[in-house]
Amino acid sequence: MKIEVWSDFVCPFCYIGKRRLEEALASFPHRENVEVVFRSFELDPNAKKETPLSIHEIIAQKYGISVEEAKRANADIGKQAEALGLTFRFETMKPTNTFDAHRLAQYAKEKGKLDEVVERLFYAYFTESKRISDRDVLLELAEAAGLDRKETEAVLADGRYAEQVRHEEAIAAQLGVRGVPFFVLNQKYAISGAQPVDVFRQALEKVWAEEQQSSSLQSLAEEGKTCTDGNCAID
């Protein structure tokens with residue numbers, strides 16, 4: 001079974017959805033037969049690497065709400081993350097452009113280190129409050145994941161893997177992906193959003209039982225929480 005996951009490293013629901021999928025997989029009896037591949041998706045390709053605005057201010061401007069309302073909304077997301085053992089530090093997060101982070105992930109995929117790098121990028125942004133567009137930060141994360149620092153530096157410097165990032169984003173557009181996280185199982189079934197763990201468990205069981213081919217995606221759940229256009233849904 002193959003699960004493709006389109007996500008962005010500054011998307012809180014993507015990190016939450018990642019953990020919920022992992023929890024479902026942990027109790028799935030055929031886990032060793034499941035391949036999970038993370039695909040590139042930028043919530044805001046035009047995002048600047050540095051901004052004077054906090055994540056609360058960005059959310060407030062986007063939705064026309066007060067900063068205090070944005071803080072309460074983010075606090076709710078933080079509670080969802082905490083229930084999964086994650087720590088989201090919204091007060092010190094550094095909103096940024098993620099294109100280079102995705103290039104690093106593509107390079108890591110080629111070197112067999114994709115899972116390690118993806119997890120470190122999420123953790124660096126949400127928990128360590130690091131700017132994941134910063135070259136030194138990316139080199140630090142790559143080296144910690146077991147990648148060669150000098151080779152990684154060359155990759156980041158010369159623009160390699162940009163084409164792979166754009167290709168996966170183009171596939172997402174063809175599939176009609178409007179928000180992330182977006183999960184595709186065996187190129188047949190789709191799950192949109194950070195669904196509850198039970199939804200992922202049921203999907204795994206269903207797809208394992210069928211293991212059949214189809215050219216169209218069938219939704220396995222109503223649309224869940226996603227991040228779109230550089231921002232995340234607020235109830």
Taking region 34-64 and keeping residues in contact with a strand residue (DSSP E or B) (Cβ under 6 Å, 6 or more places away or on another chain), charged (D, E, K, R) and modelled with pLDDT of 95 or more leaves E35, R39
Every listed condition ((1) more than 17 Å from A203 (Cβ to Cβ); (2) touching a Phe, Trp or Tyr at 6+ places or on another chain (Cβ under 9 Å); (3) acidic (D, E)) holds for E32 save (2)
Among the residues of region 76-100, the number that are part of a helix (DSSP H, G or I) and either open to solvent by 20 Å² or more (accessible area, probe 1.4 Å) or not small (G, A, S) (or both) is 10
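Rundown of residues vs (1) open to solvent by less than 10 Å² (accessible area, probe 1.4 Å); (2) part of a helix (DSSP H, G or I); (3) touching a helix residue (DSSP H, G or I) at 6+ places or on another chain (Cβ under 6 Å), yes/no style:
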residue: E128; (1), (2), (3): no, no, no
residue: V137; (1), (2), (3): no, yes, no
residue: T152; (1), (2), (3): yes, yes, yes
residue: R160; (1), (2), (3): no, no, no
residue: Q164; (1), (2), (3): no, yes, yes
residue: A173; (1), (2), (3): no, yes, no
residue: R178; (1), (2), (3): no, no, no
All-but-one check, R20 against (1) under 29 Å from V184 (Cα atoms); (2) touching a His at 6+ places or on another chain (Cβ under 8 Å); (3) open to solvent by 20 Å² or more (accessible area, probe 1.4 Å), failing number (2)
With the first residue restricted to region 116-145 and required to be within 15 Å of F88 (Cβ to Cβ) and in contact (Cβ under 8 Å) with a residue 60 or more places away in the chain, and the second required to be of a type in the set (V, I, T) and surrounded by fewer than 17 Cβ atoms within 10 Å (Cβ to Cβ), Cβ contacts under 9 Å at 6 or more apart or on different chains are F126/T87
Filtering region 36-51 for residues that are crowded, with 24+ Cβ neighbours inside 10 Å and either assigned to a loop (DSSP other than H, G, I, E, B) or touching a His at 6+ places or on another chain (Cβ under 8 Å) (or both) leaves a count of 2
Listed by first then second residue, the pairs whose first member lies in region 11-35 and is farther than 11 Å from G193 by Cα and assigned to a loop (DSSP other than H, G, I, E, B), whose partner is at pLDDT 95 or above and charged (D, E, K, R), with beta carbons under 9 Å and at least 6 positions apart or on separate chains, are S27/R201; F28/R201; F28/E205; V34/K2
Scanning region 58-105 for residues that are of a type in the set (D, E) and more than 28 Å from V165 (Cβ to Cβ) gives E68, E69, D76, E82, E91
### Query
Does region 191-206 contain at least one residue that is among the β-branched types (V, I, T), open to solvent by 10 Å² or more (accessible area, probe 1.4 Å) and at pLDDT 95 or above?
yes
Could you please let me know if L86 is modelled with pLDDT of 95 or more and either basic (K, R) or within 30 Å of R149 (Cα to Cα) (or both)? yes
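The values are calculated or read from the model by the stated rules, or taken from the named source; none is laboratory data. Every value quoted in this text rests on a predicted model; they were computed, and no experiment measured them. Neighbour counts run over all protein chains shown; Cβ positions are idealised from the backbone, glycine included. Heavy atoms of the whole protein, side chains included, go into the accessibility calculation; ligands, DNA and RNA do not. Shrake-Rupley method; radii C 1.70, N 1.55, O 1.52, S 1.80 Å.
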